[in-house]
1. Between the helical axis of 12-32 and the dominant principal axis of the chain, each derived from Cα atoms, what acute angle in degrees is found, rounded to the nearest 10?
2. Apply 1/(1 + (r/R0)^6) to the Cβ-Cβ distance of Ala798 and Glu80, taking R0 = 35 Å, and write down the FRET efficiency to the nearest 0.05.
3. Once you list every other residue whose beta carbon is under 13 Å from the beta carbon of Val336, what net charge do they have if Lys and Arg are +1 and Asp and Glu are -1?
4. Given H placed on each backbone N at 1.01 Å, which residues far from Tyr597 in sequence or on other chains put an amide H within less than 5 Å of it?
5. Using the Karplus equation 6.51 cos²θ - 1.76 cosθ + 1.60 (θ = phi - 60°), what ³J(HN,Hα) coupling, rounded to whole Hz, does each residue of segment 864-873 give in order, writing x for Gly and Pro?
6. Which ³J(HN,Hα) values in Hz, rounded to whole numbers, follow from the phi angles of segment 507-520 under the Karplus curve 6.51 cos²θ - 1.76 cosθ + 1.60, where θ = phi - 60° and Gly and Pro get x?
7. Ranking Arg331, Arg182 by Cβ neighbours within 10 Å, fewest first, what do you get?
8. Rank these for me by crowding, Ile985, Ile168, going from fewest to most other beta carbons within 10 Å.
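All of the numbers you see were taken from the coordinates with simple rules; none came from a lab. As the structure is a computational prediction, the values presented were derived from the model and not from experiment. In this analysis, Cβ positions are derived from the backbone assuming ideal geometry, glycine residues included, and neighbour counts consider all displayed protein chains.
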Amino acid sequence: MKRLITFCVNNSLFVNLAALFFIGAGLMSLIQMGREAFPKVNYDVVTVQTNYFGAPAQEIEKLITIKLEDELKEVDGIDETVSVSTENVSVIVIKLDPDEKDKRKVVNDIQRAVDRTGDLPADLEDDPIVTEIESDNFPVINVSVAADIEEHALQNVARHLETELLDISGVAKVSRLGWRDREIWVEVNPDVVNRDKLSLENVAMALATQNLNSPGGTLDTPDGGEFLVRTMGEFENADGIKKVIIRANDLGNWITVGDVAEVKDTFEDDDRIEKTRGKKTITLTVIKKESGDIIDVVNEVKRVSKAFEAQQDGQVEISFFDDMSYYVKRRLNVLVNNGKVGMVLVVGSLIVFMTKRLALMTAMGIPIALLTTFFLMHTLGLSINLVTMFALIMVLGLIVDDAIVISENVYRHMESGKSPKQAAVDGTMEVALPVISTVLTTIAAFIPLFFMTGIMGKFIRCIPVVVVAALSASLIEALFVLPSHLADFVKPQRRRQHEKSAFDHHFQGFRIRYLRLLRWVIHHRYKALGLVFAIFVGSFILFKVGMRFVLFPQGLIEEFFVRTKAPIGTSLQENEKRMEKIEALIEALPKGELDNYITQVGLTREGFDDPYSNRGSHIGQLHIFLTPEKDRKRHADQIIDQLRKETEPIKDLFDEIEFEKVRAGPPVGKPISIRLRGDSLARLEEVADKVKAELKTIKGTKDIKDDFDPGKKELRVVIDGEKAKKAYLTVRDIATTVKSAIDGYVATTIQKTDEEIDVIVRYPKSYTNSREIFNRLYTPNQYGNLIPINKVAHLEEAAGIQAIKRLDSKRMIQVSGDVDEDVVTPLEVQKKIGKFLNKEIIPHYPEVTVKYGGEQEETQNSFADFQRAFVLAAFLIFIIMACNFNSVIQPLVVMVSIPFGLVGVILAFFLHHQPLSFMAMLGMIGLSGVVVNDSIVLVDFINQHLKMGWTRAHAVFSAGRLRLRPVLLTSISTVVGLAPVAYGIGGSDPFIKPMALAIAWGLFLATALTLLVIPCIYIVADDLKQKTLKRAPQIWSIVLERLKPLWQTVKSKSTALLKR
């Protein structure tokens, strides 16, 4: 290594050109890198959705869900399956095993299992759809199109805007919400068809056989002309359908569709209603391409949409909501501003502790290392997002640490009289090994984050990548580029004592006081260690008694949901009227607080493509978007509390009104989520009621509910098998007629260039809204004779179920809720309810199993992952230091600084009234690699002086005197680099604040203890070593004396055996 450093010092032009290359490459990479909210993440979740319109939840479960689940049991690599069987649809959510290496194979196996599932209903319109959920499939903005015009015209407007949005280069897809497909209804009058001895099947068959466009081959004429022959009978519009002949006779009489039915050009029935700010709209959801830059895409979408709006002469109103680029821009601006402030503070601290030229040369390594990191990130396919930017801010103070140690040591060699080049080589070589060790220990602390599992592990996996890239770049710059710059541009300033600066005088006085205190601590080292141990024990007690854990604390809440549930059986239109009363309350919020809100009637879901969406005419939700917290006077909690009070007078209109805040961070589910699993819904409901009652007794819990709904009442057509057989009818014949009459039957489809229009044969709603329709239904038997259905079947009324959920092939009811984090945490709720479950539920309901989900499950998984990561990080750090010191004892001495850092973290969060969180624990793991850095250099200098023949005390004091400035400077540079993020100097972001707070305070306290306690522990360890060596001969003689009788016994028995 010395040759390479010497080469760099002697060939500064080559070094400078190489540095310029990486600066240029970094700038180009920075320009080309895409910006996103979060890293691209594969959620390891696959959904299987099957639509079966008209079927209730029980039939969906029996005919579809269970059969698919049975096939999926044979697929390896599945961790968990959750299914939801509701009216019209079956959804199975499959969570893949996080330890499975070949995820693509598992997804393919799932597709094959679904494809081979037999005995699914024959009248399924489409096959089950298998979808893999990925983060790059989520929308970046929603464009709402509203106009006071009829629906056909509004759809044309939205379709034209959609076409323009799809022309944007970064847009991958545009999905429609609030869009009803065009349909043509052939509403057959039951009295007329019964009079004419016709059935719905006759009408549908006539339409299907008429609507044809069939190729007839190629015709070659004698004159050489060639023609393509086609038989044309396609419908163009409703008028063509009316003229279709259903039946004719030899006398020239016929019956047309228009004679027995009214033909309407309309839209499909509403199954949900989409509104923006109280107006029915069509919403275009824009999904960007994986390579697209979210900010550029959204800006272009807004520009195109506003230009389109300007062309509509004021008839169309376009608005935007759920703009993800806003959050990206805000968070990136916060991080960039804090990064700038941190950069200024770091450089300022360098200038204070060093000469200006030395500080400038040291600080030059920061942009070189950062831009090289951007180049490496771009090469590795990483984007600029919240996680990668925070990783860069976190290492901003770290990447200058190695440069500080080297530059300060080189300058010390210059002051001793060496030439700049010789000082650069000797000073760098003297600290090269400990500097490399410090960088490797920091990297070792972050490496275990690669192996964290679950959704959280996927989101933070790019942090160690960025940290390793940045620290590697800074190490190379410090070892090879910095010495060259120091040799060329830094000259020692030999000043007399009275010429030194005021800071030098103050620092000299501080150093003297430090050495006096160090001498006293070493002299009373055992008392000092006892005091330190007491501090550690006290901190541990404080942690157990006064600290709480919340996976992702609330903060900067800027959107929330209001979810409602009206009585079962409430129609969609009636539910819309009820929800308008809540819309009025939302609309009355001050303009400075409300940005936008959307209403969804007939649907509740967490977000786009939420696999756990609930559907039903009696449910609904409002998604409220608030203005930025810094621009409003009230917090989200205060606004929600106001709305809770204001909704009290209208609570009689709903069974439930629930408020749910949208939290920052990866999706982890509800704060309280208890999943009860068994075979009997009645038993599960009984247990759920007891669990809900117990949860409501825990102070701080709110919005406690379960997800089991009784559902709509059912009218069951019960067929008399014997009578049906005598009438030559099958169950399928009768079921087809009933479904066609009420729900409609797709007779044929009209193909247009931009759409497909289904032609639906059905009875008018004025007939199907009454039970009397069953007295008018006739179904044709195998001979074409019409048989009244009421002659072979009767009606029975029964209770229905809204949705049936299953967990790993058994039925499930989930009890969920929210918490007031100022009163209780989800972890505390889990401990309390766990005692109740173990005492009151599990012994008395052995057939019911309990599993935690949501934030509680993620908390358990995170704790387990962090324990493994911390142990692995500590072991890697130990190995690196053992190799560096060639000792087993000295690494243990250095690693004592890790618990010092944890003490600082506990005190910091206690004093700031902050709960420990996922990001705080992430900071602790990173801290374990950072706090040992100062101790490594300090112990290395002690060892060097001992090798030179110095006494132990002289070596310790000399190392403390020489390393005081760089130890303080490296710690201060890291702390001030993180301080803007920890305290929001350039803008606050509560999501990443805990991690910065943990590292900054942990390092601050650990540095203070390191300068005093590490030398003390070093000497204590040496004391023990010397005592052991002195007593070694005595101990050895005692051991031999004790072993002598045993040896004599073995010897005598061996001799006796040999004589035999």
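1. 20 degrees
2. 0.60
3. Here the charged neighbours net out to +4.
4. Amide H neighbours of Tyr597: Arg277, Phe625.
5. 5, 5, 5, 4, 5, 5, 5, 5, 5, 4
6. 5, 4, x, 5, 5, 4, 5, 5, 5, 5, 5, 5, 5, 5
7. Fewest-to-most Cβ neighbours within 10 Å comes out as Arg182, Arg331.
8. Ile985, Ile168
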